[in-house]
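A.B. asks: Have a look at the structure that comes next, please.
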Amino acid sequence: MALNREGLPPALPWRSPRWIVLGFLMASFAWSPIVAMSFTAPPTTPLAVAYIGGLVLYGSALLIVLLDALNPATVLAADIRKTMLLIAVCAVLWTPTQVWAEPGEQPWAWLAGFAIAASALLTWQGGLIAAVVLGSAAAVGGEIFAGSPIPSLLTALGCALAAWAMCHVLVWMHRLWRSAQDGREAHADLAVAHERLRVSRELHDVLGQRLTVIALKAELAADLAQRDPDRAATESESIRDLANGTLREARRAVHGEATTDLPTQLQSARLVLGSAGIDTKINADPKTLDLIPPSMATLLATVIREAVTNLLRHSEARTASILISATTSLVTLRVVNDGLRKGSQESATGGTGLAALSARCAAVDASLIAGPSGEDRFELCLTSPRENGRPT
């Protein structure tokens, strides 16, 4: 059985609030054909059958209008057309209902009143049109068949007002329910989109760096295969270990487990850069790391991972340094490498990785600056207030 967004079985169609409200509306509006049947006397059986058929058409037109009244996405022009259909069916019944009405009764005024109420539930424009047209017809019928337009007009408009007031509350509550449902669906869609963004971001962070290193080490292993088989085998072992570690981290990212622990990321940066033949110096005192709030530590780990990936992809670095410092009010991260490749690492500052990190840093009042520093050096610098309660 298919489940809804909340993981529960969907409600049966007849138990839907829309159908429940529609049932109450139809039970209320069913009085109009009942009154018409009760206070008219067609002279022959065929005419009675024909009259009943007309009332069935009237009930069908009422049902169409009431169904649309419970539909939140309707078009005004289509609503007016359906209102005009109901008015037309009601007008067709004007003559037989007036002629066959029992003495002193105004059954057609009841038909008109319920038609006006249904039209007003759909749109106020349709209700106004129905009130003018059917109210005028009720007044004319009262003048012709009862000698005064007032009773018939008051019956039609009074019935319309009473039915509209009683049923408008149900329609209003149903619309509130639909708005709440739309809000819940929008919230669920937003949560899904946020989760997809999180997974894509985590996979980008995990795979980008590791696959770059794997590609470099695979190229090195291929070059060493003939000259130094033992070292080539060692590099192949290292590739296998990196691939297994990458797979584990990708699985953790998909399952929502944190993959950006700062101490672990610093160790990974040393290992990855060292595997690529880059002399790496990391200056991050463990006591300093303990002073950094967890949310800020996660952001620093993410920036380090992106910086290392950028360094491997877009530079010819031989040396690199990572410095983390923290004061009572400020946290600073600085990543510097040589081997700046003109037109490559500089252009990478506008890529999706660093651009996305800049946006994330700005969201927590942090500043991320990346660019050339000297003739062949590239520097990435992150500064942020130490106490920051907003999520990264």
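A.B. asks: Could you work out [θ]222 nm for the chain from helices alone, using -39500 (n - 2.57) per DSSP H run of at least four and dividing by all its residues? Round to the nearest 500 deg cm²/dmol.
C.D. replies: Mean residue ellipticity, 222 nm, calculated: -23500 deg cm²/dmol.
A.B. asks: Moving to a separate point now. Quick one: check the C-alpha center-to-center distance for segment 159-185 versus segment 60-134, whole angstrom.
C.D. replies: After rounding, the separation between the Cα centres reads 19 Å.
A.B. asks: Now, a different point. How much net charge surrounds Val65 when only the other residues with a Cβ under 9 Å from the Cβ of Val65 are counted, with Lys and Arg +1 and Asp and Glu -1?
C.D. replies: -1
A.B. asks: With a probe of 1.4 Å, find how much accessible area segment 15-140 has per residue, and write the answer as a whole number in Å².
C.D. replies: With all protein chains present, segment 15-140 gives 45 Å² per residue.
A.B. asks: Each residue of segment 101-112 in turn: what ³J(HN,Hα) in whole Hz from Karplus with 6.51, -1.76, 1.60 and θ = phi - 60°, glycine and Pro shown as x?
C.D. replies: Whole-Hz 3J(HN,Hα) from phi for segment 101-112: 5, 5, x, x, 9, 10, x, 5, 4, 5, 4, 4.
A.B. asks: Enter the accessible area of Glu219 (Å², nearest 10), with the probe set to 1.4 Å and all protein chains included.
C.D. replies: 110 Å²
A.B. asks: State, to one decimal in nm², a quarter of the convex hull surface area for the C-alpha atoms of segment 41-87, i.e. the direction-averaged projected area.
C.D. replies: 3.6 nm²
A.B. asks: Now, a different point. Can you give the Kirkwood hydrodynamic radius for segment 105-238, in Å, rounded to one decimal and based on Cα pairs?
C.D. replies: 21.3 Å
A.B. asks: If you don't mind, another one. Please work out whether segment 214-315 counts as rounded, prolate or oblate from its C-alpha gyration tensor, where a ≥ b ≥ c are the square roots of the eigenvalues and a/c under 1.5 means rounded, while otherwise a/b larger than b/c means prolate and anything else oblate?
C.D. replies: prolate
A.B. asks: Shifting gears a bit: So for the chain, taking the charge dipole from beta-carbon charges (+1 Lys/Arg, -1 Asp/Glu), which of Trp177, Leu247, Ile324 sits furthest toward the positive end?
C.D. replies: Projecting each Cα onto the dipole axis, the largest value belongs to Trp177.
A.B. asks: May I pose another question? Is there a quick way to get the dipole size of the chain? I mean about its Cα centre, with the Cβ of Lys and Arg at +1 and of Asp and Glu at -1; what is the value in debye to the nearest 20?
C.D. replies: 160 debye
A.B. asks: Across 10 Å bins from 0, what is the distribution of all Cα-Cα pair distances for the chain, in whole percents?
C.D. replies: 4, 17, 17, 10, 7, 8, 10, 10, 9, 5, 2, 0
A.B. asks: Something else about it: Show log10 I(q)/I(0) for segment 50-137 at q = 0.12, 0.13, 0.24 Å⁻¹, two decimals, from a solvent-free Debye sum over equal Cα scatterers.
C.D. replies: Results for segment 50-137 at q = 0.12, 0.13, 0.24 Å⁻¹ read -0.34, -0.39, -1.14.
A.B. asks: Next question. Just check segment 93-134 against the gyration tensor rule for me: Cα atoms, a ≥ b ≥ c as the square roots of the eigenvalues, rounded for a/c under 1.5, and otherwise prolate or oblate depending on whether a/b exceeds b/c.
C.D. replies: Note, shape of segment 93-134 comes out prolate.
A.B. asks: Let me ask something else about it. Is there a quick way to get the dipole size of segment 74-211? I mean about its Cα centre, with the Cβ of Lys and Arg at +1 and of Asp and Glu at -1; what is the value in debye to the nearest 20?
C.D. replies: The calculated dipole for segment 74-211 is roughly 500 debye.
A.B. asks: Follow-up. Sorted by accessible area with a 1.4 angstrom probe, largest first, how do Met166, Met26, Met296, Met37 fall?
C.D. replies: Correct descending sequence by accessible area is Met166, Met37, Met26, Met296.
A.B. asks: Taking a 1.4 Å probe, which of Val336, Val169, Val49 shows the most accessible area, and what order do the others take after it?
C.D. replies: From most accessible down to least: Val49, Val169, Val336.
A.B. asks: Between Thr328, Thr298, Thr83, find the one with the highest GNM mean-square fluctuation for the chain; connect C-alpha pairs within less than 10 Å.
C.D. replies: Thr328
A.B. asks: Given a 1.4 Å probe and every protein chain left where it sits, what share in percent of the accessible area of the chain is carbon and sulfur?
C.D. replies: Carbon and sulfur together cover 64 percent of it.
The values are calculated or read from the model by the stated rules, or taken from the named source; none is laboratory data. It should be emphasised that the depicted structure is a prediction, and the values quoted were computed from it without experimental measurement. Note that we place each Cβ from the backbone using ideal geometry, even for glycine, and neighbour counts take in every protein chain shown. For accessibility, only protein heavy atoms count, side chains too; no ligands or nucleic acids. Shrake-Rupley method; radii C 1.70, N 1.55, O 1.52, S 1.80 Å.
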